[in-house]
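Have a look at the structure below, then the notes.
The values are calculated or read from the model by the stated rules, or taken from the named source; none is laboratory data. Because the structure is a prediction, the values reported are computed rather than measured. Virtual Cβ from ideal backbone geometry, glycine too; neighbours counted across all protein chains shown.
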Amino acid sequence: MKSAIWLALVFVTTASAGWTQTLTDETSYTVQGATPEREATLRRQIQVMHPPVLPYRIRFVPHWQYLNASRVYQLHVPRGMTSKMFTHLPSRSVFVDEDRYMGEEWLGHWMAHELGHLATNSTKEEDAERVAREYRIRLQAAVKETSSSASRN
Ligand SMILES: [Zn+2]
């Protein structure tokens, strides 16, 4: 019964694009190594993207540590698209290469991809991107809403 109510709430939340309150527990994941501003930005973005599966933790690390982590997890980090972040699915950890940080838009764009891996529980880039496209639409809608009602904040 409880879960049925919860599911109903989730659907209501998903259906209304302009909700002001989130029903998911946005504090149920940890963010490590980020400045308070970046952490706040990231949490806001993830709230907007509203992924069905949250990471357990997101770690901002210096480049050398990022490379080290990818080695420890025996991941091949392709040059190209995923070389700024990667997700270790078994531990639901997302690593962000802090030295590559290029601003809010960058963060949202690539976090959408990593959340796509988590949502699909797949290491395939095309699976992640399929979901990421939807997340990016939500992000853009939120940006538009914020700029059209800037006085609210
Ligand atoms: Zn990827």
On the given criteria, is PHE60 away from the ligand (no atom under 11 Å from the Cβ), aromatic (Phe, Trp, Tyr), surrounded by 13 or more Cβ atoms within 10 Å (Cβ to Cβ) and at pLDDT 90 or above?
yes
Among residues of the range 101-119 being in a helix (DSSP H, G or I) and surrounded by fewer than 19 Cβ atoms within 10 Å (Cβ to Cβ), the residue farthest from the ligand (Cβ to nearest atom) is GLU104
Inset, instruction - With the condition kept exactly as written, say whether any residue in the range 87-100 is of a type in the set (Lys, Arg), in contact with a His (Cβ under 8 Å, 6 or more places away or on another chain) and either modelled with pLDDT under 95 or in a strand (DSSP E or B) (or both). - result: yes
request  = For GLU134, state whether it is surrounded by fewer than 21 Cβ atoms within 10 Å (Cβ to Cβ), more than 15 Å from the ligand (Cβ to nearest atom) and under 14 Å from PRO51 (Cβ atoms).
outcome  = yes
